[in-house]
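What follows is one structure encoded as structure tokens, with my remarks underneath.
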Amino acid sequence: MAHDSVIDPPRDFNGLRDLIVEARDRLPKRLAQVATFTIERPDDIAFGTVSSISEQAAVQPSTLVRFAKALGYSGFSELQTVFQQRLRDRPNNYDARLQAFDAHASGRPPAMALIEGLSQAATDSIAKFRDRIQLESLDEATKILSQAETIYLIGLRRSYPISSYLSYALGTLGVRTVLAGSPNGVDREILSFAGPRDAALAVSFTPYAPAAVEYTRQIAGQKTPLVAITDSPFSPLVFNASVWFEVVENDFEGFRSLAATMTLASALAVAVAERRRGREKQNLHSD
């Protein structure tokens, strides 16, 4: 990609992310390496220096400059400004969210305003997910997971309740699982046992937990089929997934439930158990 091929490079993060994903496969090896790093770890790009970022991305500082110019920017600082603007636009400050909620409550009992707002957000999330779900993807994910000897579950930070629930639900349904998120920090070693006859299910949303992204890369490297639940086709989980689901949860003053994601998790758990049961019946009849 030549510098003059981008007349006016994006000034918003979403546009820049789309450009990076679209250009990555055409970039030279080192620039493609930087592209992957920027998608997976946008906060590090925003906060870091050229020296620290190049060290983390395992490239030379000059490669960052070449990457920025390949996308049409005058230099790395101009590219970095877009990543910094993303943080300014993102409602991550919880004090600001609570202040917005106070304004939304407008004299009503705070508890009732919360129930109403979060319930509506959850209802809208589930309805949107139901309308957009691809049944072919659900069938393929069910097939992959039902055939696995062991299902490795990856979900950290905000996503941990989903992987934890799946561990419980699948376990009660007789499906063997391994849950990543051990307090003794041996997840990488635990996941190293996964192989082609197993499967993994990973859940991660923006901002993607770096460890979750690392684990999905590890799983893919071990030739283990991966089902991913995430919030964007540009999520780093998508690149390694055999099949993936896009779930976008509505928010109430910046706070999000996991209503739609939990709906999908429940459906997958039951569908996997039912498919395994049907296969076991067939085996009995064939005997």
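Quick note: the coordinates plus some simple rules give every number you see, no bench work behind them. These figures come from a predicted structure and were not determined experimentally. Don't worry about glycine lacking a Cβ; one is built from the backbone with ideal geometry, like all the others, and counts go over all protein chains shown.
Based on the Cβ-Cβ distance of residue 197 and residue 123, what FRET efficiency does E = 1/(1 + (r/R0)^6) give at R0 = 41 Å, to the nearest 0.05? That pair, residue 197 with residue 123, gives E of 0.55.
Of the residues 155, 20, 193, the one whose Cα sits farthest toward the positive end of the charge dipole of the chain, with +1 on the Cβ of Lys and Arg and -1 on the Cβ of Asp and Glu, is 193.
Placing +1 on the Cβ of every Lys and Arg and -1 on the Cβ of every Asp and Glu, with no other charges, gives the chain a dipole of roughly 520 debye about its Cα centre. Here r is the Cβ-Cβ distance between residue 147 and residue 81 and R0 is 51 Å; the resulting FRET efficiency, rounded to 0.05, is 0.60. Backbone geometry of region 272-278 corresponds, through the Karplus equation with coefficients 6.51, -1.76 and 1.60 at θ = phi - 60°, to 3J(HN,Hα) couplings of 5, 4, 5, 5, 5, 5, x Hz, x marking Gly and Pro. Our helix-only sum for the chain, with -39,500 (n - 2.57) per DSSP H run of n ≥ 4 divided by its residues, gives a mean residue ellipticity at 222 nm of -18500 deg cm²/dmol. Counting only Cβ charges, +1 for Lys and Arg and -1 for Asp and Glu, the dipole size of region 3-89 around its Cα centre is about 220 debye. Shown is the FRET efficiency for residue 25 and residue 277, computed with R0 = 51 Å from the Cβ-Cβ distance and rounded to the nearest 0.05: 0.75.
Taking 8 Å as the Cα distance limit and 6 or more residues as the minimum spacing, I'd like the relative contact order of the chain as a percentage.
On the way: 402 pairs, mean separation 52.8, N = 287.
Rounded, it is 18 percent for the chain.
Overall size of the chain from C-alpha positions, given as principal axis extents largest first: 69, 56, 39 Å.
Segment residue 136..residue 184, full-extension length gain: 13.5 nm, with 0.36 nm per residue of separation and the alpha-carbon distance subtracted. Sorting 38-46, 167-175, 78-86 by their mean Cβ neighbour count within 10 Å, with the most densely packed peptide first, gives 38-46, 78-86, 167-175.
Pulled fully out, how much extra length does the chain show between residue 74 and residue 8, if you take 0.36 nm times their separation in residues and subtract their Cα-Cα distance?
22.7 nm
Sorted from longest to shortest, the spans of the Cα atoms of region 109-156 along the three principal axes equal 51, 26, 13 Å. Projecting label points 7 angstrom from Cα along Cα→Cβ for residue 116 and residue 223 puts them 5.8 nm apart.
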